[in-house]
Amino acid sequence: MHGGGCAVGMSIDDRRRNRPGALDGDRDVSVPVCSAEAYRNAGWIPVSGRPHRLRPHGWVYLRHHGCLVARVRAVGTARLAVRPRRTPRHDDDVGFGPGPVVLVDPTTFEDVHIDLGPLASRQRSGVRYLRATRDRTVVHLAASEALPAGDWDA
């Protein structure tokens, strides 16, 4: 985010139409990225659909090559008219096009390393719900699944 609090790539029309969406879920999410470093100072992360079960100030884990490699706190959701790629494929790459994003606080970015093990082959694309315990054991959850009792990371 820049000094005015706008996510990079968010036009004035986007800001008027898309004030940050409220987060009211009970879990964190992971999303696939081509490079975690490309999102280190980003104000938003593109997603394929609004993650309705994302909790307020929940973690957005960045998923790359079968591992969770970083995490950053969510502050809301929005729909942007333009979602440029952080790592363009070529000079005239138009990016992801219009669509949903998770707005994040880049000051909370943390490197992590959590191997997804056998789940990695099933988690190549899309948003995935999860919660991590205080010892960083990851519990993967379906959107319709109730959050079990646990010693969850804050």
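Just so you know, all these numbers are worked out from the coordinates, no wet-lab data involved. Note that the coordinates shown come from a computational prediction; the quantities given were computed from them, not determined experimentally. Here the Cβ is made from the backbone with ideal geometry for all residues, glycine too, and neighbour counts use every protein chain on show.
Return the long-range amide H neighbours of ARG83 (sequence gap of 5 or more, or a different chain), with a cut-off of under 5 Å between placed amide H atoms.
So ARG83 has HN proximity to PHE96, GLY97.
With label points built 7 Å along Cα→Cβ from the Cα atoms of ASP24 and ALA81, find their separation and express it in nm.
Those two pseudo-labels are separated by 2.9 nm.
Simple spin-label model, 7 Å along Cα-to-Cβ: CYS34 to ALA154 in nm?
Here the modelled spin labels are 3.7 nm apart.
Just add up the charged neighbours of ASP115: K/R +1, D/E -1, any other residue whose Cβ is under 12 Å from the Cβ of ASP115.
Result for the local shell: +2.
Give me TRP59, TRP152 sorted ascending by neighbouring Cβ count inside 10 Å, so fewest comes first.
Ascending number of Cβ neighbours within 10 Å: TRP152, TRP59.
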